[in-house]
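Beneath this line is the structure, given in structure tokens, with notes to follow.
The values are calculated or read from the model by the stated rules, or taken from the named source; none is laboratory data. Everything quoted here is computed from the prediction, not taken from an experiment. Here the Cβ is made from the backbone with ideal geometry for all residues, glycine too, and neighbour counts use every protein chain on show. For accessibility, only protein heavy atoms count, side chains too; no ligands or nucleic acids. Shrake-Rupley method; radii C 1.70, N 1.55, O 1.52, S 1.80 Å.
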Amino acid sequence: MSDLLVRACRGHRVVGGPLLWFARDLAVLHERRLVGRGGSVDTTAAVVGEIERRRVELVMAIDDWVARCVPQHRFGATLHTEAVGAVIDRLAESSVRAHHALMTLDAHDEFLHRAWHHLAELADAYDDLVRDVMAGRRRLPEW
């Protein structure tokens with residue numbers, strides 16, 4: 001599950017549906033915000049504001065899609081603390097940070113290893129969340 005999201009974040013062609021497209025779009029926005037085009041980050045208020053506005057739209061689109069397409073078990077299931085859109089947004093950001101670290105840091109750099117460890121933990125947590133929601137053990141917030 002998360003392996004496809006991470007691959008989509010890197011721009012690989014994956015088959016699976018709108019969550020993968022949303023994840024890729026979020027990763028592109030994180031690349032612009034964190035890495036910049038050509039190595040320079042444009043920090044003008046207008047550019048940063050547009051990136052943040054678009055991220056909010058994508059997160060809301062993910063949550064809307066999940067609400068319409070994923071069955072929710074409301075009775076007896078434990079409430080998760082955040083919606084899927086926020087989880088995928090953090091996964092996309094972590095993917096960008098890990099791949100940027102891979103391309104720019106020495107192989108023995110501690111930050112490089114922490115970035116990949118963080119991405120792996122987020123990916124595992126996403127997979128656990130999806131399994132728990134589908135099995136009715138966890139439910140998502142309704143906001």
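Assorted remarks:
- The spacing between segment 61-107 and segment 108-140, judged by their C-alpha centroids, is 9 Å.
- TRP65 contributes an accessible area of around 60 Å² to the protein surface, as traced by a 1.4 Å probe with all chains present.
- Placed amide H near ARG138: partners under 5 Å, 5+ positions off or other chain: THR78, VAL133
- Here segment 66-99 is scanned for amide nitrogen atoms under 19 Å from the site 7 Å beyond the Cα of THR43 along Cα-to-Cβ, giving 97.
- Rounded percent of accessible protein surface that carbon and sulfur make up, the chain, 1.4 Å probe: 58
- Per-residue 3J(HN,Hα) values for segment 105-122, derived from phi via the Karplus relation 6.51 cos²θ - 1.76 cosθ + 1.60 with θ = phi - 60°, read 10, 5, 4, 9, 5, 5, 4, 4, 5, 5, 4, 6, 5, 4, 4, 5, 5, 5 Hz in sequence order (x marks Gly and Pro).
- Segment 28-143, relative contact order in percent, only Cα pairs under 8 angstrom and at least six apart counted: 33
- Intensity falloff of segment 1-114 expressed as log10 I(q)/I(0), Debye formula with alpha-carbon point scatterers, at q = 0.17, 0.19, 0.22 Å⁻¹: -0.89, -1.04, -1.24
- Largest accessible area first, the listed residues THR81, THR44 line up as THR81, THR44 when surface is computed with a 1.4 Å probe on the assembled protein chains.
- In Å², nearest 10: area of VAL28 left accessible to a 1.4 Å probe: 50
- Per residue, the solvent-accessible area of the chain (1.4 Å probe, heavy atoms of protein chains only, all protein chains present) comes to 59 Å².
- A 1.4 Å probe, protein heavy atoms only, puts the accessible area of MET1 near 100 Å².
- The chain: angle of helix 84-104 to the longest principal axis, Cα-based, in degrees nearest 10: 30
- Cleavage-rule hits, GluC sites (Glu not before Pro), segment 35-143, DSSP coil, Cβ neighbours within 10 Å at most 10: GLU142
- Trypsin sites (Lys or Arg not before Pro) restricted to DSSP loop in segment 1-94 with at most 12 other C-beta within 10 Å: ARG13, ARG74
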